[in-house]
1. Provide, for q = 0.10, 0.13 Å⁻¹, the log10 of I(q)/I(0) from a solvent-free Debye sum over equal Cα point scatterers in the protein assembly as shown.
2. In terms of Cα to Cα distance under 20 Å, which aspartates and glutamates are near enough to A:K209, apart from those fewer than 8 places away along the same chain?
3. Could you name the aspartates and glutamates in cross-link range of A:K263, using Cα to Cα under 17 Å and dropping any fewer than eight places away on the same chain?
4. Could you work out Rg/(2.2 N^0.38 Å) for the stretch A:107-198, with Rg from alpha carbons only?
5. Antiparallel DSSP bridges in the stretch A:41-295: what percent, to the nearest 5?
6. When the scattering of chain B is computed by the Debye formula from its Cα atoms alone, each counted once and equally, what is log10 I(q)/I(0) at q = 0.10, 0.17 Å⁻¹?
7. For peptide B:75-82, how many partner chain Cβ atoms fall within 10 Å of a residue's Cβ, on average?
8. Considering all alpha-carbon pairs of the stretch A:41-295, what whole percent are spaced by more than 29 angstrom?
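Read the figures in this text as sums done on the coordinates, not as results from a lab. Since this is a predicted model, take the numbers as computed values, not measurements. Glycine gets a Cβ as well: all are built from the backbone with ideal geometry, and neighbour counts include every protein chain shown.
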Amino acid sequence: MIPDISKIRKDFPILDQKIHGKPLIYFDNAATSQRPIQVIERMDEFSLRTNANIHRATHYLANKTTEAFEASRETVRRYINAAEAAEVIFTHGTTESINLVAFSFGEAFINVGDEVIVTEMEHHANIVPWQMMCNRRGAILKVLPFRDNGELQIELLDSLITSKTKILAAAHVSNTLGTINPIREIILKAHLKNVPVLIDGAQGAPHLKIDVQELGCDFYAFSGHKIYGPTGIGALYGKRKWLDQMPPFMGGGEMIDRVTFEKTTYNQLPYKFEAGTPNYVGAIGFAAAIDYIQRNEHQPFSNYEHDLLTVATEKLKQIEGLKIYGEAPSKAAVICFNIEGVHPFDLGTLLDQLGIAVRTGRLCADPVMDHYEVENMVRASFAFYNTFDEINAFCKALIRLKAMF
Amino acid sequence: MTIDEIQQEIVEEFSGFEDWMDKYAYLIEIGNEMAPIDAKYKVESNLIRGCQSRVWLHQEFTVGKIKFEAESDALIVKGLVALLLRIYSDRTPKEILESEPRFIDEIGLRQHLSPTRSNGLLAMVKQMKLYALAYEKISAKK
């Protein structure tokens, strides 16, 4: 069944506007997806009527806020099928989630000479926190490479994992290549050698159904603003057995049990990792986004997104001199490319004049740029509210602009 | 001509373009026509790195004037670089320090000099001003 996109687009008022006099075509969804009116209204309603700090007072509004915040946690838990709500920690986003694990897991388990594995296609947010931790703990960062078509060289993983390997971190979906990595296989291989696995789900959660128990991952990190929710909120799923053994990431309110100047004891999960006043308005919006996705008949991870990707890929390939980076058989709706003789900055600037929003630059993935020996790329990333007409207009625009160079 | 007069001249050149497309096509044209920077100056120490595009800036100070050479890997940026060189190269430090590149605003391309655009252009203007400041101080000491 072909979904009625025009109906869905009415839920996203931001899409109905003109940029530089042209109808907006929003193809920068991998950076930030747009929020449906249901999310915006839920957050506004909360701010207008309920706002109070959580877990800290006996008054009516504080109780209401605490209830809403914890209900949001339960919504996230259900969405990813975590075993218990205490395994869901609210963070500012994927970046903080990964930093939390890199720091706290590192403090608890990483010693001089230990090894950490990441992949060559990671976003900087899944490289730098590990690098910082390795520097601090005297550990070594090892890299699982990918092939030119965007697939991980999974056959090298067995020999990469040694008795020194303490943790492995990999993207569910690459933010540049779009590759959907075989994370089940990676997790199985790692677990055979007792190595826990963190999955960076920033680009996975928007496109794929997640069941952390089925996947068996030890940690899963994702962001609200990439799954139609607000910015500044994200989640870290962690298995209790690890979280219980890890020291807190930040100190402050809510994460404590009892403080004296000699010693502080810490609160239980998940509060141990939620120092300070959390972004509860964001958490409520995050849950509203999940509700929206689940209520919507036409879900983001439907075949429709894949059809958008297939059509766009075919059309782009017809443009002479256009090279797509990453064509793994299993791929999400993200396309990075370059047109010979056209600098991505120039292309992005001119596309903007035509009302088309794409991402250009190094895409927070320097190692991917180095792999293909390019300085920059152009990225078009699609969401379930995009249309085939928009893809047509985009390809026509590219042909028109290419002629200017 | 003074810096101000050249800026005025550029503004007039652009006033003929009605469409944004023509404006950018012209920038691309001047970018394409611009003499490349000498390869020996296209080095890391002259590189102004933006996330979006890179600019190389070389300078020499002779007989009281600073001569700039520059280049960018993006053509639109290169076109704007060419315009910046047209007004700022071969000028005394005082002239450079006393003038702002107002023409960019007036030709409707202000967004390219905004701090949110990491294309290296704003950093290039700052760098030119820093050179001017340094040479002004050196000249004053002599």
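1. -0.93, -1.27
2. Partners within reach: A:E74, A:E84, A:E87, A:E185, A:D200, A:D218, A:D291, A:E297, A:E305, A:D307.
3. A:E254
4. Computed over Cα atoms of the stretch A:107-198, the ratio equals 1.02.
5. Working: 14 of 29 bridges.
DSSP beta bridges in the stretch A:41-295 are roughly 50 percent antiparallel.
6. -0.32, -0.94
7. Numbers: counts 8, 8, 4, 2, 1, 0, 0, 0.
Per residue, the average neighbour count from other chains is 3.
8. Of all Cα-Cα distances in the stretch A:41-295, 30 percent exceed 29 Å.
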